[in-house]
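Peer 1: This structure is in structure tokens; I'll ask about it shortly.
The values are calculated or read from the model by the stated rules, or taken from the named source; none is laboratory data. Note that the structure is predicted; figures quoted are calculated from it, not measured. Because the Cβ atoms are built from the backbone with ideal geometry, glycine has one as well, and the counts that use them run over all protein chains shown. These area figures cover heavy atoms from the full protein model, side chains too; ligands, DNA and RNA do not enter into them. Shrake-Rupley method; radii C 1.70, N 1.55, O 1.52, S 1.80 Å.
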2 protein chains.
Amino acid sequence: MSAVNFALGALAGAAATAVAADAYPSMMPTLGLNRPQIELKYFDFAGAAEKVRFTLLMGGVSFKDTRVSFKEWAELKPTTKYGQLPEMYLNGETKPYAQSGAMLRFAGAITGLVPKDPIKALSVDEAIGLDEDLRREMRPSIVISYDQTIKPKEKARKIKELREKLVADQIPKFLSHFEQMLGNSDYLCGSSPTIADAQFLVTCRWLGSGVLDHIPADIMSKYPKITAFRERMETTPEIAAYLNKPK
Amino acid sequence: MSAVNFALGALAGAAATAVAADAYPSMMPTLGLNRPQIELKYFDFAGAAEKVRFTLLMGGVSFKDTRVSFKEWAELKPTTKYGQLPEMYLNGETKPYAQSGAMLRFAGAITGLVPKDPIKALSVDEAIGLDEDLRREMRPSIVISYDQTIKPKEKARKIKELREKLVADQIPKFLSHFEQMLGNSDYLCGSSPTIADAQFLVTCRWLGSGVLDHIPADIMSKYPKITAFRERMETTPEIAAYLNKPK
């Protein structure tokens, strides 16, 4: 299996890496290494891994960003821990860790993008939970698009029905909550970025991408604070370098 | 609105409380109080709040366990943060926190039931993610049971179809993963309980309750390690006192 890797250090730059190490020295010793060696294995798209990639990028932590093609996946799937990607390998160990939400929190712990104060962390996890609720509402219209047992015409009708309902009800409901959560702050939970911002940025880019039929790409434009948040996140040097990297 | 409350201290006992405070003194000062005053507001059943209740019980942390009736809920819902329960109130503040997964991690942080080592915490969050995946598979058959737009006969047929598929495929797949995760350990992530155990116990009790049509109550009996785990958790003094409390 050949995988497309890139060394993140080259993107994030030595300056960003040094800042992260200085800012959060206390987390690193518990890992038994000054800097954990991380490989993140996922498909060659954003999906469930992107929030973890964004967190590591924001924290200036280098990682091996292995991309798996669908052709490779057929062979790889039976060898994975739970038949899923992403998987994360630490310090060259052969046994991976699974679950993107777990990797997000791990990445947050080693980069300081999870507050140490339990009450502040509660707000961050609340924002993450709200984002997951929005994604849970989206899920039936995604799952049905992969369902081989439904005839194409009936499937198209059902997807349209579900997505139009989402655009009318659930998506505005959740986006209004996030708009209010941002308030006058630069980030969801105050003046510093956290893992909640990394996760919500992925949602903003997904909903606003126009790739989902019946969900207009300008659906976010009614939310000025979310729009400014997305712009702020995407112009962070580490995120910008990653997003603008030539394919 | 009248709510049924009970003081947990009377259940957990002074001994358990003292153990928790001694074992994890370092978390408490960050809360600005020796012991946070917690009110957990939810319906009068297990649902999304039970994992938080179990964690606080296991950690010997007293909390006000407010139960909301469905009659009260109609009036309460518009006043909640996101139209959802549970909500958690800290230190008598009027503004609540939402999201049960966030409350679980907060409860874990103040009781020491989340490991401080980020790699150990990664395993705990992986177990939680796996449990959430199982619940996500269950969800369509639950959601449809509340769907008023489907005729009763068609609904019953669809629920049967979905649940029989779950019993044949997804539930055994996930339970096998948990059986293997337990291995020769007393708990999902080693020899000490964590928030992952609190969450998985709720799933064990739900799937093994017989309340879900077409999911046989003895579905767990093929998994000796899970069965022993459930027994071990349910006979923990704090959990046993809670579960055996007269209604």
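Peer 1: Note the distances from A:THR227 to each other copy's matching label point, with points 7 Å along the Cα-to-beta-carbon direction, in nm, sorted shortest first.
Peer 2: 6.1
Peer 1: Using the charge dipole of the stretch A:48-163 (Lys, Arg: +1 at Cβ; Asp, Glu: -1 at Cβ; taken about the Cα centre), state which of A:LEU162, A:ALA48, A:GLY92 has its Cα farthest towards the positive end.
Peer 2: Sorting the options by dipole projection puts first A:LEU162.
Peer 1: Under 5 Å between amide H atoms, partner at least 5 residues away or on a different chain: which partners does B:THR80 have, H built in plane at 1.01 Å?
Peer 2: none
Peer 1: Heavy-atom accessible area of A:PHE70 with all protein chains present, probe 1.4 Å, nearest 10 Å²?
Peer 2: 140
Peer 1: Find out how many positive minus negative residues lie around A:LYS81, taking Lys and Arg as positive, Asp and Glu as negative, among other residues whose Cβ is under 10 Å from that of A:LYS81.
Peer 2: Every neighbour counted, the sum reads -1.
Peer 1: Can you give the calculated 222 nm mean residue ellipticity of chain B, where each DSSP H run of n ≥ 4 adds -39,500 (n - 2.57) and the sum is split over every residue, rounded to the nearest 500 deg cm²/dmol?
Peer 2: That comes out to -16000 deg cm²/dmol.
Peer 1: If you don't mind, another one. With springs only between Cα atoms under 10 Å apart, run a GNM on chain B and tell me which of B:THR80, B:THR55, B:THR203 wobbles the most.
Peer 2: Top of the fluctuation ranking is B:THR80.
Peer 1: With N set to the number of residues, divide the alpha-carbon radius of gyration of the stretch B:98-183 by 2.2 N^0.38 Å and report two decimals.
Peer 2: The reported ratio for this selection is 1.44.
Peer 1: If you plug each phi of the stretch B:99-109 into the Karplus form 6.51 cos²θ - 1.76 cosθ + 1.60 with θ = phi - 60°, what whole-Hz ³J(HN,Hα) values come out, in order, with x for Gly and Pro?
Peer 2: Per-residue couplings from phi come out as 6, 5, x, 5, 5, 4, 5, 5, 4, x, 5 Hz.
Peer 1: Show me, for the stretch A:114-121, the HN-Hα J-couplings you get by feeding each phi into the Karplus relation (A = 6.51, B = -1.76, C = 1.60, θ = phi - 60°), rounded to Hz, glycine and proline as x.
Peer 2: Once rounded to whole Hz, the list reads 10, x, 6, 5, x, 6, 5, 5.
Peer 1: Then there's this: Based on the mean of other Cβ atoms within 10 Å per residue, sort peptides A:119-129, A:84-94 so the most packed one is first.
Peer 2: Result, highest mean first: A:119-129, A:84-94.
Peer 1: Counting only protein heavy atoms and rolling a 1.4 Å probe, how much accessible area do B and A lose on contact, total for both sides, in Å² to 100?
Peer 2: Chain pair B/A: roughly 3000 Å² of buried accessible area.
Peer 1: Over the stretch A:112-206, give the accessible area per residue in Å² for a 1.4 Å probe, as an integer.
Peer 2: Per residue, the stretch A:112-206 has 47 Å² of solvent-accessible surface.
Peer 1: For chain A, modelled as a GNM with alpha-carbon contacts under 10 angstrom, which of A:ALA168, A:ALA48, A:ALA228 fluctuates the most?
Peer 2: Top of the fluctuation ranking is A:ALA168.
Peer 1: Which value in nm describes the separation of the simple spin-label points at B:ASP44 and B:ASN184, placed 7 Å from the Cα toward the beta carbon?
Peer 2: Spacing of the two 7 Å Cα→Cβ label points: 4.7 nm.
Peer 1: Using a simple charge model, +1 on the beta-carbon of Lys and Arg, -1 on the beta-carbon of Asp and Glu, nothing else, what dipole does the stretch A:118-243 show about its Cα centre, in debye to the nearest 20?
Peer 2: So the magnitude is around 560 debye.
Peer 1: Which of the pairs A:LYS155/B:LYS151; A:LYS95/B:LYS225; B:LYS81/B:LYS160 have their Cα atoms more than 30 Å apart in this structure?
Peer 2: As for pairs spanning more than 30 Å Cα to Cα, those are B:LYS81/B:LYS160.
Peer 1: What is the mean number of Cβ atoms from other protein chains located within 10 Å of the Cβ atom of each residue in peptide A:172-178, rounded to a whole number?
Peer 2: The mean count of partner-chain Cβ atoms within 10 Å per residue comes to 1.
Peer 1: Related question: What is the mean number of Cβ atoms from other protein chains located within 10 Å of the Cβ atom of each residue in peptide A:126-137, rounded to a whole number?
Peer 2: Mean partner shielding for this stretch: 4.
Peer 1: Further question on the same structure: I'd like the Karplus ³J(HN,Hα) series for the stretch B:38-43: coefficients 6.51, -1.76, 1.60, θ = phi - 60°, whole numbers in Hz, and an x wherever there's a Gly or Pro.
Peer 2: Result, rounded to whole Hz: 10, 10, 10, 10, 7, 5.
Peer 1: What aspartates and glutamates sit close enough to A:LYS247 to cross-link, taking a C-alpha to C-alpha distance under 15 Å and skipping anything fewer than 8 places away on the same chain?
Peer 2: Candidates past the 8-residue exclusion: A:ASP44, A:ASP65.
Peer 1: In addition: Enumerate the amide H contacts of A:ASN91 below 5 Å, restricted to partners 5 or more residues apart or on another chain; note that Pro and chain-start residues carry no placed amide H.
Peer 2: Placed amide hydrogens put A:GLN37, A:ILE38, A:GLU39 under 5 Å from A:ASN91.
Peer 1: So how strong a dipole does the protein assembly as shown carry about its Cα centre when Lys and Arg Cβ are +1 and Asp and Glu Cβ are -1, to the nearest 20 debye?
Peer 2: Using Cβ point charges on Lys, Arg, Asp and Glu, the protein assembly as shown gives about 1080 debye.
Peer 1: What net charge is computed for the residues neighbouring A:SER69, neighbours being all others with C-beta under 15 Å from the C-beta of A:SER69, Lys and Arg scored +1, Asp and Glu -1?
Peer 2: +1
Peer 1: Using a Gaussian network model on chain B with a 10 Å cutoff between Cα atoms, which of B:GLY208, B:GLY101, B:GLY83 fluctuates the most?
Peer 2: B:GLY83
Peer 1: Tell me the distances, shortest first, between A:GLY190 and the same position across the other copies, using label points 7 Å along Cα→Cβ, in nm to one decimal.
Peer 2: Between copies, matching label points for A:GLY190 lie 2.8 nm apart.
Peer 1: Report, as an integer, the average count of C-beta atoms from other chains found within 10 Å of each Cβ along B:53-63.
Peer 2: 0
Peer 1: Just to confirm a number: summing +1 for Lys and Arg and -1 for Asp and Glu over residues other than A:GLU154 whose beta-carbon lies under 12 angstrom from that of A:GLU154, what do you get?
Peer 2: +4
Peer 1: Check which residues have an amide H placed less than 5 Å from A:VAL68's amide H, if you skip close sequence neighbours.
Peer 2: A:TYR42, A:PHE43, A:ASP44
Peer 1: Got a sec? Which residues in the stretch A:120-154 would a label at A:LYS173 touch, if it sits 7 Å along Cα→Cβ and we count backbone N under 19 Å?
Peer 2: Counting only backbone N, you get A:126-143.
Peer 1: Given label points at 7 Å from Cα along Cα→Cβ, what nm distances, shortest first, separate B:GLY210 from the same residue in every other copy?
Peer 2: 5.8
Peer 1: I need the peptides A:132-143, B:138-149, A:187-198 ranked by packing, meaning the mean over residues of other C-beta atoms within 10 angstrom, with the highest value on top.
Peer 2: A:187-198, A:132-143, B:138-149
Peer 1: To the nearest 0.05, what FRET efficiency results for A:ARG67 and A:ASP218 with a Förster distance of 30 Å applied to their C-beta separation?
Peer 2: The computed FRET efficiency comes out at 0.50.
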